[in-house]
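The block underneath contains the structure these notes are about, expressed in C-alpha cells.
The values are calculated or read from the model by the stated rules, or taken from the named source; none is laboratory data. Every value quoted in this text rests on a predicted model; they were computed, and no experiment measured them. FYI the Cβ positions are ideal-geometry reconstructions off the backbone, even for glycines, and counts take in every protein chain you see. Ligands, DNA and RNA are stripped out before the accessible areas are found, and what is left, the full protein with its side chains, is counted by its heavy atoms. Shrake-Rupley method; radii C 1.70, N 1.55, O 1.52, S 1.80 Å.
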Amino acid sequence: MSKSQKTRLGRRALLLGGVQLGLAGVLGWRMHQLGVKQGDQFRLLAEENRINIRLQPPARGLIYDRNGNALALNRQAYTIEMVREQANDPAAVLQRLAQLIPLSPAQIDDVLNEMNRRRAFVPVTVATGLEWEHIAAVSANAPALPGVTPRLGLNRQYPVGADFAHIVGYVGPVSDYDLKKTDDKDPLLLIPRFQIGKNGVEAKIEKPLRGKAGLKRIEVNSVGRVMRELDGQASAPGVNLQLTIGPELQRTAMERMQGESSAAVVMDVNNGDILALASAPTFDPNKFVNGISVADWRALNENEYRPLANKTVQGLYPPGSTFKMVVALAALSLGVANEHEDVYCPGHKDINGRKFHCWRRGGHGNVNLREALRYSCDVYFYEMALRVGIENITKTARALGLGQKPDLPLPAVRTGLMPTKQWKLEKKKEDWFIGDTANAGIGQGFVLASPLQLATMTARLASGNQIEPRLLNMFDNKLSPVKGVGPLEFKKSHLDMVRAGMYDVSNHQRGTAYRSRLRDGAQMAGKTGTSQVRFITKAERERGVTKNEDLPWNRRDHALFVGYAPFDNPRYAISVIVEHGGGGSKAAAPIAKDIMQKALDLGKNEYGPLPSQKRSQVKPIKGTRT
Amino acid sequence: MSMLSNRQSTPTGLRKVLYFHWPLAILLVAVCSAGFLMLFSVAGGKFSTWAEPQVMRFGIGFVAMIIIGFTPINVWRNMSIPAYVIGIGLLVFVEYFGATGKGAQRWIDLGFMKLQPSEMMKIALVMIVAMYYDWLDEDRVSKPLWLLPPIVLTALPVALVLNQPDLGTAILLAGGAGVIMLLAGVSLWYFGAAIGAIGGVVWAVIASKGTEFQILKDYQYRRIETFLDPSSDPLGSGYHITQSKIALGSGGFSGRGYMEGTQSRLNFLPEKHTDFIFTTLAEEFGFMGGITLLILYILIIFCCYVTAMQNRNRFAALLTLGVAATFFFYFSVNMLMVMGLAPVVGVPLPLVSYGGSAMLVLLGAFGLVQSAHIHRPR
C-alpha cells in the first residue's frame, strides 16, 4: 500500500468511524428514551398485555314468600362446555353427545357456529341446566367425547312453578335485544347466556337481585390462553327479597280460577300487604330459564286467554257496578244524596232523548242508596252521576286509588283511566256528553281499572285509610316501609252508608251476591259487577238481548266482584274478575267467596320465619295482626 | 530475500496462537454468550430448544475462525474470486431449489444445518471488492469506467437477494461493498450522487405503489407504512413494532430480571429468538443490558479499526474494515428496526440471534480479520 493510499484510507476510516459512532450514539439515545424516559409507560402497557380480568358471576338474590318459603332460588346445575381444539371432529362429538343429553340438531348447529366464531381453545357452552344423570352419562363416555367438559354453575329455579309465575316472573339468557334496549354497562351482561330477569319482580328488581360481579385477574399469553391466576375480588351475591304473598292463599286463588281467564287480588286492609295476586291461566317460569323453545313460546303467545299477562296489574276492565260505591260516596260527600231519598226506577232513564237501561228490565221501583247498592240499580246511579258530574266522580275515584299508578315492583303496571272532560277533548277530540257521565256512573264507558286497583279501592272503603298496595316485605333483610295509612277525606257516616249497601249485597236475601255468602256466620261486604264489552244496539234490544251464553267467548260480559271481610272488623279486601265470565254474581262472586273463606280460615296473617341469617333484624310491621 | 524477511516478521505454526487477536476473540465470546443466555431465556428455561444448537454452532464457528485465522491472508485473497463465484452459484441455486420460509427463499437444507447463501455472500462480496481495490491502480480508483466492476459485482447478488425477497440482506450487501469503495478512496461526489439516486429510488418505490409497475411486494409496503405509523394497525403488521417497543421500554433501567420478561415469556414478541431477541434482552436486563451489548459491539468494531490501521497490506486492511462495517450494519439495522427507528426488514442481531448461517459466516469473517491481523506485514 502506498503512502498516499494509506493516508487516504486513514482519513476515510476516520470519517466512517465517526459516522458509525454517531449512529451508535443514536442507538444508545433511543434505548435510554424507551427504557428510562418512557419505561414506566411501557411497563404499564406490558402489564395490560399480560393481565386479563375475568368476571366471576355472583349468586342471584333469592325470593321468598310471606312464610319464608323460597319462590326463586339458585340450584347447582351442570353445564357442558366444549373446546374445539381438543375435539378432533366437533360435529361428530356433538352427534355422540346428543345421544346422552337433550340436544336438538338446531342447538348443535348453534354450537358449531359459535365455536367457529371463537378461537380454538375457548370453551363454548353446549348445554346448560343439566341433571346429574346427564353428567354421569357424559363422564362415563368421556373417551368418546374429546374436548367435552362438564362444569358446575348456578341455574335459577322456581320450585313452586306456575302459581307465582306472574309475580316472581322469570329469568332468561340475556339476548342481543336486551343489550340494545338497556344502558346498563354491567360487564356481566356480556357473558354469553347470562341469566337476567325478564318478567315480574325478577325483571323489575333486576339490578339488586343480580349482585356484583367478582373479578379474577389472570395472566394470559399473546393469544389469550390462560397461563395462571393471579388474584381477584370475590363476587357479591344479589339481595334477597321477601314478598307479602301468602303461599296458601295464592295457591287457593290459582286453583279456584283454573280454566278461566281471570284475576284475583287479596289485600290486607290494614297495611296494604298483597296476600294473593293471582292471574289465570299461568305458565311454567322454569321453561324460560335456559331459553324457551319456539313451540312453547308460540303456544303461550297465541293462547286466547293470554297466560303471559299478569291481569291483576296489566289487565284493564270497565269496573261495571263495582264502581257504584265511588259514585255513591261522591254524591254523599257533595251532599246531593242522602240515605233516605228514594229514586224511582222504571227500568230505564231518559237522558237527552236517549234511553239508558237498568240491568233489570222491569225496574226496581223506588230505591234508596242502600237498596240501590244491594240490587245494583243502574237508574239510581245514572241519576247520582248526573247530579255529581264527571269531575267529582273522577276525584273521588282517585281518592280511592283508581286511575293512579300503583307503585309495585312489577313490569307494565297500568294506570287505568278515570276520564275528565279535558281528557276527552284532548284524546278523543270530542266534547263530553251527558250520556258519558251516566255511563261512568255505572262503571262503563271510558272508566277503566285493574283488579289490583279495585282491591285497593275496596281496602280503602273498608278501612277508611289510605291503603297502598305493598308487595315487598323485606329487601336485603330490611323491612320495607308501609306507605300512606292516613285516613281518607271521607266522613265515616258516608263510608258507613256505602258499607251498609255492600253488606246487603252479600247478606241480604235479595242482595246480588247472597248466594255467595260466607259460611259459619262470617260476613262479607261486597259488590258484584258485570261489565259489557260490546255495544247493544237498539234493534238488538228490541229483538231481545242475546243471552251471554249464546255469544262467542270473547264477546261475553266480564264478571267482577269486590268485597271485604269480616264486615265488622275488616281484615281482607278482595277483587275478582273473570274475563267474559258473564254475570258478576254468577261467575265472580263464588270465586271471591271461596278465596275469602280460605283467607279467614287461614286466620293468622303474620310473616313466617325467614331462612336468612339476619332474622334478628326483622321486627313485626305495624298493623300486622298476630 | 523477501521470503526471508517475511519469515522473520510473520509468525508460523503454533506460534501464531501468540499473535492471535485475543481481545477481539474474547469480545466475540462475550457477545455469543449473551446470545446463549437470551436463547435459554426465550425458550422458557430450556437449553435444548435454541441455546444448545447455537452453542454447538458457536463451537464449530470458533474452530473455523481459528483455522481461517491461521491460514495466510494471501490464500484468502486468492480465494476471493472462487468464493464469489460459488456464492453467486448458490444464490441462483436457492432461487430454484431453496426451501421457503416466511415467504422468502433463503436456505439450502444440508441436513445438519440450513445454509443461507445470502449470509455467505456478504463476506464473499466484501472479499472480492477489497481484492479489486487492492489490485486497482491508485489513480484509477475514481475513474467512472473502473467503478463499473465493483458496482456490477455488487448489483448481481443484490438483485438475486432482492428477488428472494430479502430487503435486509440486500441493504447489508450494498452497504458492505459501498463502505469498501468509500475506504478505497472513491470520490465522495459519487457517494453524494448515489445517495441522491437512492432517494430517487425510494421515491419511485413509494410512487409506484398500487400501479402495475409496483416495485416491492405488498407486504414490504405494509412494513414501511407501519414503520411510519405503527399505531395505524396495532393488531396487524404494526403489532410487531408496538409489542417490541413495549418489551424494550418495560425493561426500564435495570430490567425485569432474567427469565422474568412477560412480553417474551407470554409470546407477545414476534420472532423472539431471532430478529427480535434484543427486545427480550432489553426487557430482562433493561437499559443497562442493552447499552452493555452495544458497547461490546462497538469495542469489536474498534478492535477491527485499530488492527486495520496498523496493517500495511491494503487487501487485509480493506477486508478488516469491510467485515467490521458489515458487522456494524448488522447490529445497527437490527437495533434500529426493533426500536422502531427503521422498517422491519429482517436482519438478525449478529452473534446473538438464533441462526446457524449468520453465526458461522460471522465467525468465519472474524477469522479473516484474525488472519489479516496475524499475517500483517511487519
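Which lysines have a Cα less than 27 Å from the Cα of A:Lys37, not counting those fewer than 8 places away in the same chain?
Answer for A:Lys37, where 27 Å is the Cα cut-off: B:Lys245, B:Lys272, listed by chain and number.
Hey, what does the equivalent ellipsoid look like for the stretch A:285-418, semi-axes from the Cα gyration tensor as sqrt of 5 times each eigenvalue, largest first, whole Å?
Details: eigenvalues 331, 68, 27 Å².
In descending order the semi-axes read 41, 18, 12 Å.
Kirkwood Rh over Cα pairs of the stretch A:449-590 into Stokes-Einstein at 10 °C, 1.306 mPa s: D in µm²/s? Can you show the working numbers first?
Numbers: Rh = 16.9 Å.
D, rounded to a whole number, is 94 µm²/s.
What list of ³J(HN,Hα) values in whole Hz, one per residue of the stretch A:558-570 in order, does the Karplus curve 6.51 cos²θ - 1.76 cosθ + 1.60 (θ = phi - 60°) give from phi, with Gly and Pro shown as x?
3J(HN,Hα) across the stretch A:558-570, in whole Hz: 7, 9, 10, 8, 10, x, 8, 7, x, 4, 7, 8, x.
Return the sequence-ordered ³J(HN,Hα) values of the stretch B:365-378 in whole Hz as given by the Karplus equation 6.51 cos²θ - 1.76 cosθ + 1.60 applied to θ = phi - 60°, using x for Gly and Pro.
Karplus values, whole Hz, x for Gly and Pro: 4, 6, x, 4, 4, 4, 4, 4, 6, 5, 9, 5, x, 10.
Give the Kirkwood hydrodynamic radius (Å, one decimal) of the stretch A:66-140, defined as one over the mean of 1/r across all pairs of different Cα atoms. Mind dumping the intermediate values first?
On the way: mean 1/r = 0.0730 Å⁻¹.
The answer is 13.7 Å.
At A:Ser4 and A:Lys207, where each label point lies 7 Å from the Cα along Cα→Cβ, what is the point-to-point distance in nanometres?
9.1
Taking the alpha-carbon set of chain B, what are its Rg and Dmax in Å?
21.1, 70
Would you pull out the residues with amide H under 5 Å of A:Gly214's amide H, same chain only if 5 or more places away, H placed 1.01 Å from N?
A:Gln56, A:Ser235, A:Ala236
Add -39500 (n - 2.57) for each DSSP H run of 4 or more in chain B, then divide by its residues: what number comes out at 222 nm, to the nearest 500 deg cm²/dmol? Can you show the working numbers first?
On the way: 15 runs with 259 residues, N = 378.
Result for chain B: -23000 deg cm²/dmol, rounded to the nearest 500.
Sticking with the crude label model, points 7 Å out along Cα→Cβ, report the distance from A:Ala98 to A:Ala144 in nm, one decimal please.
According to this spin-label approximation, the distance is 1.5 nm.
Using the alpha-carbon atoms, what tilt in degrees (0 to 90, nearest 10) does helix A:39-50 show relative to the longest principal axis of chain A?
Taking the Cα atoms of chain A, the angle to A:39-50 is about 60 degrees.
Using only Cα atoms, what is the ratio of the radius of gyration of the stretch A:54-243 to 2.2 N^0.38 Å? Can you show the working numbers first?
Details: Rg = 18.0 Å, N = 190, 2.2 N^0.38 = 16.2 Å.
Computed over Cα atoms of the stretch A:54-243, the ratio equals 1.12.
Taking both sides together, what accessible area is buried at the B/A interface, probe 1.4 Å, expressed in Å² and rounded to the nearest 100? Write down the numbers at each step before the final one.
Working: alone 17600 and 30640 Å², together 44310 Å².
The summed interface area works out to 3900 Å².
What's the long-distance tail for the protein assembly as shown, i.e. % of Cα pairs beyond 60 Å? Don't jump to the answer; show the numbers that get you there.
Values: 219021 of 503506 pairs.
Summing the P(r) tail past 60 Å for the protein assembly as shown gives 43 percent.
Once both axes come from the Cα atoms, what is the angle between helix A:589-602 and the longest principal axis of chain A, in degrees from 0 to 90, rounded to 10?
With rounding to tens, the tilt is 70 degrees.
Taking a temperature of 4 °C and a viscosity of 1.567 mPa s, what whole-number D in µm²/s does Stokes-Einstein yield for the stretch B:173-219 with Rh from Kirkwood over alpha carbon pairs?
Estimated via Stokes-Einstein, D reaches 105 µm²/s.
Along the charge dipole of the stretch A:60-200, Cβ charges K/R +1 and D/E -1, which of A:Gln157, A:Gln99, A:Trp132 sits furthest on the positive end?
Result: A:Gln157, furthest along the dipole toward the positive end.
By DSSP, what percent of the beta bridges with both residues in the stretch A:54-243 are antiparallel, rounded to the nearest 5? All intermediate terms of the calculation are to be shown ahead of the outcome.
Numbers: 31 of 33 bridges.
Antiparallel bridges: around 95 percent, rounded to the nearest 5.
Please average, across the residues of A:9-18, the number of beta carbons from any other chain that are within 10 Å of each residue's own beta carbon, and give a whole number.
Values: counts 11, 4, 2, 9, 12, 2, 3, 9, 9, 0.
Whole-number average of other-chain Cβ neighbours for A:9-18 is 6.
In terms of solvent-accessible area of protein heavy atoms at a 1.4 angstrom probe, what is the ranking of B:Val306, A:Val289, highest value first?
B:Val306, A:Val289
Under the Karplus relation 6.51 cos²θ - 1.76 cosθ + 1.60, θ = phi - 60°, what is the ordered set of whole-Hz ³J(HN,Hα) values for the stretch A:575-586, x standing for Gly and Pro?
Each residue of the stretch A:575-586 in turn: 9, 9, 10, 10, 4, 6, x, x, x, x, 6, 8 Hz.
May I ask you to derive the FRET efficiency for A:Glu339 and A:Lys478 from their Cβ-Cβ distance with R0 = 56 Å, giving the value to the nearest 0.05? Show your work: numbers first, answer last.
Numbers: r = 47 Å, r/R0 = 0.83.
Efficiency at R0 = 56 Å is approximately 0.75.
For a quick check: with amide H placed at 1.01 Å from N, whose amide H comes under 5 Å from A:Met227's, ignoring anything fewer than 5 positions away on the same chain?
A:Glu219, A:Val220, A:Asn221
Tell me, what is the FRET efficiency for A:Asp550 and A:Tyr177 to the nearest 0.05, using R0 = 45 angstrom and their Cβ-Cβ distance as r?
Details: r = 44 Å, r/R0 = 0.97.
Plugging the Cβ-Cβ distance into 1/(1 + (r/R0)^6) gives 0.55.
Using only the Cα atoms of the stretch B:258-330, construct the convex hull and provide its projected area averaged over every direction, in square nanometres to one decimal. Walk me through the numbers before you get to the answer.
Numbers: hull surface 21.8 nm².
Projected over every direction and averaged, the Cα hull of the stretch B:258-330 covers 5.5 nm².
For the stretch B:124-229, what number results from the quotient of the Cα radius of gyration and 2.2 N^0.38 Å?
Numbers: Rg = 15.8 Å, N = 106, 2.2 N^0.38 = 12.9 Å.
Output field value: 1.22.
What FRET efficiency comes out for the pair B:Met309/B:Ala159, r = Cβ-Cβ distance, R0 = 30 Å, nearest 0.05? Could you put the intermediate results ahead of the total?
Working: r = 34 Å, r/R0 = 1.13.
Efficiency for this residue pair is about 0.30.
Can you pull the three principal axis extents for the Cα set of the stretch A:17-84, in Å, largest first?
Here the spans come out as 91, 34, 8 Å, largest first.
In peptide B:288-296, what is the residue-averaged number of other protein chain Cβ atoms found within 10 Å of each Cβ?
Details: counts 3, 2, 7, 5, 0, 1, 5, 2, 0.
Taking all residues of B:288-296 together, the mean is 3.
With a bin width of 10 angstrom, please list the P(r) values of the stretch B:271-378 as percents of all Cα-Cα pairs, from the 0 bin to the one holding the largest distance.
Whole-percent P(r) values from 0 Å outward: 15, 42, 29, 13, 2.
Taking the Cα centre of the stretch A:505-587 as origin and charging only Cβ (+1 Lys, Arg; -1 Asp, Glu), how large is the dipole, in debye to the nearest 20? Numbers along the way, then the final one.
Working: 14 positive and 8 negative charges, 30 e Å.
Magnitude of the dipole: close to 140 debye.
Going by amide H atoms built from the backbone, whose H comes under 5 Å of the H on A:Cys345, apart from near neighbours?
Under 5 Å from the amide H of A:Cys345 lie the amide H atoms of A:His364, A:Gly365, A:Asn366, A:Val367, each far enough along the sequence or on another chain.
Go through B:Leu188, A:Leu369 and list them by solvent-accessible area, largest first, probe radius 1.4 Å.
Values: B:Leu188 90, A:Leu369 5 Å².
Reading off the accessible areas and sorting them downward yields B:Leu188, A:Leu369.
Go from 0 up to the bin containing the longest alpha carbon distance in the stretch B:292-346, width 10 Å each, and give me the % of pairs per bin.
Each 10 Å bin holds this share of Cα pairs: 25, 41, 25, 9, 0.
Per-residue Cβ counts within 10 Å, from other chains only, averaged over B:259-270: what number is that? Mind showing how you got there, number by number?
Details: counts 0, 0, 1, 9, 6, 0, 4, 10, 5, 7, 1, 1.
Taking all residues of B:259-270 together, the mean is 4.
For chain A, what is the calculated [θ] at 222 nm in deg cm²/dmol (nearest 500), taking -39500 (n - 2.57) for each run of four or more DSSP H residues and dividing by its residue count? Before the final figure, lay out each step's value.
On the way: 23 runs with 222 residues, N = 626.
That calculation yields -10500 deg cm²/dmol at 222 nm.
Using the Cα atoms as the points, what is the convex hull volume per residue of the stretch A:417-471 in Å³? Can you show the working numbers first?
Working: hull volume 5.9 nm³, N = 55.
Taking only Cα atoms, the stretch A:417-471 has a hull volume of 107 Å³ per residue.
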